[in-house]
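Each reported figure results from applying straightforward, stated rules to the coordinates on display, with no laboratory input. Bear in mind the structure is a predicted one, so any value in this text is a computation, not a measurement. Here Cβ is always computed from backbone atoms with ideal geometry, including for glycine, and neighbour counts include all displayed protein chains.
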């Protein structure tokens, strides 16, 4: 049973991320009409569509500056570790932002629940590259006197396919015409992916769910978020054919070419390269995260803590494709 959200107040921090925007959109479209506050380091970045909604307000704040954060009045908070800027240390960035959010929540009397958008595999401390930031954040946010829920999301489809479709439009990233490169594995391996809209919907439902009354003695709740099913390069080829009308060959980037791929096609800053290469390798066959993402048989209790999104590969690819052509 969901709570009545007539005067229920949700705070999203930082709201400038793609996931934060997806969560806000989902919350504002909910018939329970919660009041939503987005925290932005730059108020010029607030979407005009949000500002036009009477149930939304934007406030200035930066998770890297604890003194700028004030959460009093919020009933629940959605926290996200923002992308690192060029030159920032992963551990320092994750620790500072998470401690500031935790302290801001604990400094209120109103907040009853903190939801943190994490990643599949965040339970691992080493060998997982970029998502080690989620492990650090979970460790810090676990030490709280309010209800904590970790939404461990599968990789987001849009992040994979926007550069892939851009590569397709330019003739393929270093491959032959009609060939595109991706880090999605070739069959028989596959990778769970989830759409950005399903991430937003999952965050909304977690934030608006009835309070459990969990406190310091209760461990955080972990919810795994996956798409309808995992996908391989063959699935991507079939989906591209349906969306674009062209036959396209999709090739998995070889481990030894990951650095070149991220620097060239993904335009990634050099200082971020080691963590992203390590994370990608951890998802590949034999990697640290393969057993997490493989989706093998689970216990009934484990299965109950998995949420599967509704939006599949073709729907997401079509949306990314059409957006890129506008």
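What ranking do 148-155, 283-290 get when scored by the average of other Cβ atoms within 10 Å per residue, highest first?
Output ranking for 148-155, 283-290: 148-155, 283-290.
Say R0 is 25 Å: what FRET efficiency, to the nearest 0.05, do residue 51 and residue 18 get from their beta-carbon distance? Walk me through the numbers before you get to the answer.
Values: r = 18 Å, r/R0 = 0.72.
That gives a FRET efficiency of 0.85.
May I ask for log10 I(q)/I(0) of region 6-165 at q = 0.15, 0.20 Å⁻¹, from a Debye sum over the Cα atoms as equal point scatterers with solvent left out?
Cα-only, vacuum Debye calculation for region 6-165: -0.81, -1.40.
Of 44, 55, 205, 235, how do they rank once you tally other Cβ atoms within 10 Å and put the fewest first?
Values: 44 5, 55 14, 205 17, 235 20.
Final ranking by Cβ density, sparse to dense: 44, 55, 205, 235.
As a test of the formula, what do you get for the chain when each DSSP H run with n ≥ 4 contributes -39,500 (n - 2.57) and the sum is divided by the residue count, at 222 nm and rounded to the nearest 500 deg cm²/dmol?
-11000 deg cm²/dmol
How much length is gained if the chain between residue 29 and residue 106 is pulled fully straight, taking 0.36 nm per residue apart and subtracting their Cα-Cα distance, in nm to one decimal?
Working: separation 77, 0.36 × 77 = 27.72 nm, distance 2.89 nm.
24.8 nm is the gain from fully extending residue 29 to residue 106.
Could you work out how far helix 313-325 tilts from the main Cα principal axis of the chain, as a 0 to 90 degree angle to the nearest 10?
Roughly 90 degrees between the two axes.
Just to be sure I understand: of the beta bridges DSSP finds with both ends in the chain, what percent are antiparallel, rounded to 5? Can you show the working numbers first?
Details: 4 of 42 bridges.
The antiparallel proportion sits near 10 percent.
What is the spin-label model distance, in nm, from residue 252 to residue 179 if the labels are put 7 Å beyond Cα along the C-beta direction?
1.7 nm
Using Cα centres only, tell me the gap between region 99-115 and region 189-204 in whole Å.
Each part's Cα centre sits 26 Å from the other's.
At what distance in nm do the modelled label points of residue 162 and residue 237 sit from each other, each positioned 7 Å from its Cα along Cα→Cβ?
With each label placed 7 Å out from Cα toward Cβ, I get 2.7 nm.
Relative contact order (percent) for region 1-158, with alpha-carbon contacts under 8 angstrom and 6 or more residues of separation?
Dividing the mean separation by the residue count of region 1-158 yields 20 percent.
Put one equal scatterer on each alpha carbon of region 212-284, apply the Debye formula with no solvent term, and list log10 I(q)/I(0) at q = 0.16, 0.17, 0.25, 0.27 1/Å to two decimals.
-0.82, -0.87, -1.12, -1.15
With Cα Rg over 2.2 N^0.38 Å in mind, check [x] 1.09; [y] 1.14; [z] 0.99 and report the label derived from this structure.
Structure-derived value, by its label: [z].
Where does each of 116-123, 15-22 land if you order them by average Cβ count within 10 Å, highest first?
Details: 116-123: 23.9, 15-22: 20.9.
Result, highest mean first: 116-123, 15-22.
Measure nothing but the geometry: give the 0 to 90° angle between the long axis through the Cα atoms of 90-106 and the longest principal axis through the Cα atoms of the chain, rounded to 10°.
30 degrees
Give me the percent relative contact order of the chain, please, defined on Cα pairs under 8 angstrom at least 6 residues apart. Could the numbers behind the result be given before it?
Numbers: 632 pairs, mean separation 59.3, N = 326.
18 percent.
Can you give the Kirkwood hydrodynamic radius of region 68-133 from its Cα pairs, in Å with one decimal?
Kirkwood hydrodynamic radius for region 68-133: 13.1 Å.
Rounded to the nearest 5, what is the percent of antiparallel bridges among the DSSP beta bridges in region 1-157?
5 percent
In whole angstrom, note down how far apart the Cα centers of region 266-284 and region 14-73 are.
Measuring centre to centre over Cα atoms gives 29 Å.
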